[in-house]
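Below you'll find the structure, written out as structure tokens, and then a few comments.
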Amino acid sequence: MSRLRPWETGDHASRWDGYFDESLQVLRNKVGATTPEQLRDAENDLVEVRVAELRQHPALVPRTWDLEHVKGLHRQLFQDVYEWAGQLRTVGLAKGGGESFVPPLDIERPVAHVTARIVETDRLRLVPKDSLVSEVTYLYDYLNFAHPFREGNGRTQREFFAQLLAESGHGLAWDRTGMDDLHRACHLAREDGDSALLRDVIEQVLTDEPVY
């Protein structure tokens, strides 16, 4: 039996601290980063390479549209950065003292709901054109609520939706909006139940140019 890692054992506080190195200044990582800035820069560079690799070889992650699919994307993107790439978080998460994401033991439920909607709509192909933005907004908010990983949820989610929308000949051009706008939109949808801004963002970035 493999030995439990620091983020897999003990109470919530112990697991939380277990994600960090002994200084508690930066997440444990495989790149030798000792500051958040160093980790961010290395993460951005390495993930960009892995995204390009995935888009060139999409079969690296089977498109099953379920939790294993999401975990596979995270593992592909963050394999060079975190030992726990592709593993579900073991701690609760909240943003800025505001909305809480689903508890670790319940992560599978919102993802399963997203999966069911994707199956029902034949990978969004059965969604009428004038309803596509609303459907993507709904699913995006739901998957964001799951927030399956300790770090890297946003990039994993954006790649998941890039693959999903490609199935119906669409894409998402995130350079049309700022990430701060997206994060604020997700916050309002989750904290206040107001998805209007998220819908505006999705409408702005939705294109007919798939990246897969």
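Is it fair to say GLY171 is in contact (Cβ under 8 Å) with a residue 60 or more places away in the chain and in contact with a helix residue (DSSP H, G or I) (Cβ under 8 Å, 6 or more places away or on another chain)? Spell out the reasoning first.
On the way: in contact (Cβ under 8 Å) with a residue 60 or more places away in the chain: no; in contact with a helix residue (DSSP H, G or I) (Cβ under 8 Å, 6 or more places away or on another chain): yes.
Here the answer is no, as GLY171 does not meet what is asked.
Out of region 156-212, which residues are part of a helix (DSSP H, G or I), hydrophobic (A, V, I, L, M, F, W, C), in contact with a Gly (Cβ under 9 Å, 6 or more places away or on another chain) and closer than 13 Å to TYR140 by Cβ? Give the steps one after another, and end with the answer.
Within region 156-212, the subset part of a helix (DSSP H, G or I) is 156-166, 174-176, 179-191, 196-205.
When the remaining residues are screened for being hydrophobic (A, V, I, L, M, F, W, C), the result is 160-162, 164-166, 174, 179, 182, 185-186, 188-189, 196-198, 201-202, 205.
If we keep only those that are in contact with a Gly (Cβ under 9 Å, 6 or more places away or on another chain) too, we end up with 162, 165, 179, 182, 186, 205.
Once the filter is applied, which keeps residues that are part of a helix (DSSP H, G or I), hydrophobic (A, V, I, L, M, F, W, C), in contact with a Gly (Cβ under 9 Å, 6 or more places away or on another chain) and closer than 13 Å to TYR140 by Cβ, region 156-212 yields ALA162, LEU165, LEU182, CYS186, VAL205.
Would you be able to tell me the number of residues in region 128-140 that are touching a residue at least 40 places away in the same chain (Cβ under 8 Å) and either aromatic (Phe, Trp, Tyr) or surrounded by fewer than 20 Cβ atoms within 10 Å (Cβ to Cβ) (or both)?
Here is the first cut: in region 128-140, the ones touching a residue at least 40 places away in the same chain (Cβ under 8 Å) are 132-134, 136-138, 140.
Still in the list and also either aromatic (Phe, Trp, Tyr) or surrounded by fewer than 20 Cβ atoms within 10 Å (Cβ to Cβ) (or both): 132-134, 138, 140.
Matching residues across region 128-140 total 5.
When the residues of region 25-48 are filtered to those that are of a type in the set (A, V, I, L, M, F, W, C) and over 18 Å from PRO148 (Cα atoms), which remaining residue is surrounded by the fewest Cβ atoms within 10 Å (Cβ to Cβ)? Please lay out each step first, then the result.
To start, the set of residues in region 25-48 that are of a type in the set (A, V, I, L, M, F, W, C) comprises 26-27, 31, 33, 39, 42, 46-47.
With the extra rule that they be over 18 Å from PRO148 (Cα atoms), the set shrinks to 26, 31, 33, 39, 42, 46.
Values: VAL26: 17, VAL31: 15, ALA33: 19, LEU39: 21, ALA42: 17, LEU46: 17.
Within region 25-48, the match that is surrounded by the fewest Cβ atoms within 10 Å (Cβ to Cβ) is VAL31.
As an exercise: evaluate THR115 against (1) hydroxyl-bearing (Ser, Thr, Tyr); (2) under 14 Å from PHE160 (Cα atoms); (3) loosely packed, with under 13 Cβ neighbours inside 10 Å and give the number of the one condition it does not meet.
Status for THR115: all satisfied but (3).
Confirm whether HIS147 is closer than 23 Å to ASN44 by Cβ, modelled with pLDDT of 95 or more and touching a Leu at 6+ places or on another chain (Cβ under 9 Å). Before you say what the answer is, go through the steps one by one.
Working: closer than 23 Å to ASN44 by Cβ: yes; modelled with pLDDT of 95 or more: yes; touching a Leu at 6+ places or on another chain (Cβ under 9 Å): yes.
For HIS147, the condition - closer than 23 Å to ASN44 by Cβ, modelled with pLDDT of 95 or more and touching a Leu at 6+ places or on another chain (Cβ under 9 Å) - is met.
Residue by residue through region 48-101, note down the ones that are acidic (Asp, Glu), within 26 Å of ASP17 (Cβ to Cβ) and free of Cβ contacts under 8 Å to residues at least 60 places away in the same chain. Spell out the reasoning first.
From region 48-101, those acidic (Asp, Glu) are 48, 53, 66, 68, 80, 83, 99; that's our starting set.
Applying the additional criterion that residues be within 26 Å of ASP17 (Cβ to Cβ) yields 80, 83, 99.
The one that is acidic (Asp, Glu), within 26 Å of ASP17 (Cβ to Cβ) and free of Cβ contacts under 8 Å to residues at least 60 places away in the same chain: ASP80.
Residues in region 21-51 that are of a type in the set (A, V, I, L, M) and assigned to a loop (DSSP other than H, G, I, E, B): how many? Spell out the reasoning first.
To start, the set of residues in region 21-51 that are of a type in the set (A, V, I, L, M) comprises 24, 26-27, 31, 33, 39, 42, 46-47, 49, 51.
Remaining after also requiring assigned to a loop (DSSP other than H, G, I, E, B): 24, 26, 31, 33.
Count: 4.
Counting only residues that are of a type in the set (Lys, Arg), buried (at least 19 other Cβ atoms within 10 Å of the Cβ) and outside any helix (DSSP H, G or I), how many does region 58-89 have?
1
What about VAL51, is it farther than 27 Å from HIS12 by Cα, touching a helix residue (DSSP H, G or I) at 6+ places or on another chain (Cβ under 8 Å) and either of a type outside the set (Phe, Trp, Tyr) or surrounded by 18 or more Cβ atoms within 10 Å (Cβ to Cβ) (or both)?
On the way: farther than 27 Å from HIS12 by Cα: yes; touching a helix residue (DSSP H, G or I) at 6+ places or on another chain (Cβ under 8 Å): yes; either of a type outside the set (Phe, Trp, Tyr) or surrounded by 18 or more Cβ atoms within 10 Å (Cβ to Cβ) (or both): yes.
Yes, satisfied.
Looking at VAL81, VAL70, VAL51, VAL61 in this structure, which one is under 16 Å from HIS147 (Cβ atoms) and modelled with pLDDT of 95 or more?
Numbers: VAL81 fails: under 16 Å from HIS147 (Cβ atoms); VAL51 fails: under 16 Å from HIS147 (Cβ atoms); VAL61 fails: under 16 Å from HIS147 (Cβ atoms).
Just one listed residue meets the conditions, VAL70.
The values are calculated or read from the model by the stated rules, or taken from the named source; none is laboratory data. The structure presented is a predicted model; accordingly, all values stated were derived computationally and were not measured. No Cβ is skipped: glycine too gets one built from the backbone with ideal geometry, and neighbour counts run over all protein chains shown.
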